[in-house]
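Chemist: Can you read through this structure? Questions will come right after.
The values are calculated or read from the model by the stated rules, or taken from the named source; none is laboratory data. Just so you know, these numbers come straight off a predicted model, no measurement behind them. Every residue, glycine among them, receives a Cβ derived from its backbone with ideal geometry; neighbour counts consider all protein chains shown.
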Amino acid sequence: MLVLARRSNQSIMIGDDIEIVIVDIKGDQVKIGVKAPKNVSVHRAEVYKEIQEENKKAAGANIKPEDLGKLGDLFKKKT
């Protein structure tokens with residue numbers, strides 16, 4: 001792990017297009033801003049872990065092709 005010291009309003013670059021900005025520091029809390037292209041997902045670690053767990057559950061779900069067709073019919077009725 002690379003550890004860097006930064007002060008408020010200073011930043012760190014990741015590659016050419018991701019910038020991490022130290023927005024504010026109060027006590028033991030640091031506010032961080034992330035400037036990244038729209039195609040780059042940015043999540044807090046705990047949220048990212050939840051997303052990964054839900055994706056694993058969904059990948060293991062036993063969904064029948066005919067059930068997907070029924071789901072499509074539901075959307076057609078609402079529009």
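Chemist: Within the set of pairs 6 or more residues apart or between chains, which connect a residue that is farther than 21 Å from Lys31 by Cα inside region 41-63 to a residue that is surrounded by 10 or more Cβ atoms within 10 Å (Cβ to Cβ) with Cβ atoms less than 8 Å apart?
Modeler: Ile51/His43
Chemist: Here's a check for you: in region 15-47, which residue that is assigned to a helix (DSSP H, G or I) and not charged (D, E, K, R) is surrounded by the most Cβ atoms within 10 Å (Cβ to Cβ)?
Modeler: Taking the candidates together, the pick is Val47.
Chemist: So which residues in region 45-79 are basic (Lys, Arg) and at pLDDT 95 or above? Talk me through it step by step, then tell me what you get.
Modeler: Going through region 45-79, the residues basic (Lys, Arg) turn out to be 49, 56-57, 64, 70, 76-78.
Selection gives Lys49 alone.
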